[in-house]
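*Asks:* Before we start, here is the structure in question, set down as structure tokens.
The values are calculated or read from the model by the stated rules, or taken from the named source; none is laboratory data. What you see is a predicted model, and the numbers here were worked out from it, not measured in a lab. Positions of Cβ are backbone-derived with ideal geometry, glycine not excepted, and every protein chain shown enters the neighbour counts. Note: accessible area is taken over every heavy atom of the protein model, side chains too, but ligands, DNA and RNA are not part of it. Shrake-Rupley method; radii C 1.70, N 1.55, O 1.52, S 1.80 Å.
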Amino acid sequence: MREDLEKIKHQIESFEIIRPEQVEEFRLKYLSKKGELNALIEKFKLVPGEMKREIGQLLNLVKDKAKTKLTEAQSHFESKIKENKSEQTDLTLPAEKEFSGSRHPLSIVENEVIEIFKKIGFVYAEGPEIEDDWHNFSALNFPKNHPARDMQDTFFIDEEIALRTHTSSVQVRLMEKQKPPIRAIMPGRVYRNEAISARANCFFHQVEGIYIDKNVSFADLKQTLFYFVKALFGQDIKIRFRPSYFPFTEPSAEMDISCLLCKGKGCNVCKYTGWLEILGCGMIDPNVLKNCGIDPEEYSGFAFGMGIERLAMLKYEVKDLRTYFNNDVRFLNQFEGL
Ligand code: DAH
């Protein structure tokens, strides 16, 4: 009997339960009513008295071993089933929305402006942010030591080189390398030495536009800009021009649009004037054309420049300029656009 028990003990130990159906196989073979251990319990009755204690202990030990092995195997396969269940995906559920990021509000406005002008034949152009004195000032009719240079607080790199203070420098580059007709829209980042506040920053963005051809007039300028603001802000917008001064245009003007909020009635956004200033413009000064190798007797043109932050502030009613540059995702992901 002892040998039988030792043999079964060994068999139990080496029984490999790899597949779930082997759990039941194991139970039937050793622990069921008709199993091998029960058969030995029957035999136990015949064991002589003095051996009963020893064999009984061994029998219990083997039986416990088998039971432990069985419960371990059962719980192993049960947890496997649970795991599988949680891994299974319900393919009928709608897909989770993946957050793919959003475009920066200033890029959205910039792209919108470009698209509007593209529709009427303006091409896209760019220029460098580090610019020389000629392209940023001299060619644009800012004479050396002229007070107009003080209008823009410049970051100089050396006497000749600076961070561009406006995108008007790109006009010059374009006129130098192209023959009229020229019709271009030129967005970009510009830099000015200003203290950072809710209303000013040391860098911001502008869009510049020029149109040069034979017989371009102020009427063309007016209609082009009127078309533009209607496309950007809506058909019922009104415009007005105020005389102004820029060294590179003559005559020069600033253009206002009727206040988007109060529609011209007067509110705190338009400081109760009913109007909002949005851009500077004018007829390109003949000196500028000459500086860039274009004959002012043959050609004339208009130019305009505006701040993208300004447009974005009006469009989104976000007044603190700094929010556009803090890179706070909670602010940035509220904007949608191309
Ligand atoms: N460059 C001017 C500025 O930064 C804006 C400007 C005014 C651009 C009139 C123009 C223009 O092209 O014609 O303040």
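*Asks:* For residues in segment 294-313 being more than 20 Å from residue 186 (Cα to Cα) and touching a residue at least 60 places away in the same chain (Cβ under 8 Å), which is nearest to the ligand (Cβ to nearest atom)?
*Replies:* Residue satisfying both the conditions and the ranking: 299.
*Asks:* May I ask you to say which residue of 303, 312, 231, 253 is open to solvent by less than 60 Å² (accessible area, probe 1.4 Å) and at pLDDT below 95?
*Replies:* 312
*Asks:* Also: When you scan segment 21-50, how many residues do you find that are assigned to a loop (DSSP other than H, G, I, E, B) and open to solvent by less than 80 Å² (accessible area, probe 1.4 Å)?
*Replies:* So the count comes out to 4.
*Asks:* Another question, then. Given the structure, is residue 262 buried (at least 20 other Cβ atoms within 10 Å of the Cβ), over 27 Å from residue 338 (Cβ atoms) and away from the ligand (no atom under 16 Å from the Cβ)?
*Replies:* no
*Asks:* Next question, about the same structure. Could you please let me know if residue 153 is among the acidic types (Asp, Glu), within 16 Å of the ligand (Cβ to nearest atom) and either open to solvent by less than 60 Å² (accessible area, probe 1.4 Å) or outside the structural domain of residue 324 (by TED's automatic domain parsing) (or both)?
*Replies:* no
*Asks:* For segment 52-98, give me the residue count where each residue is touching a Lys or Arg at 6+ places or on another chain (Cβ under 8 Å) and among the aliphatic types (A, V, I, L, M).
*Replies:* 5
*Asks:* Counting only residues that are at negative phi, assigned to a loop (DSSP other than H, G, I, E, B) and open to solvent by 10 Å² or more (accessible area, probe 1.4 Å), which one in segment 265-291 is nearest to the ligand (Cβ to nearest atom)?
*Replies:* The residue in question is 285.
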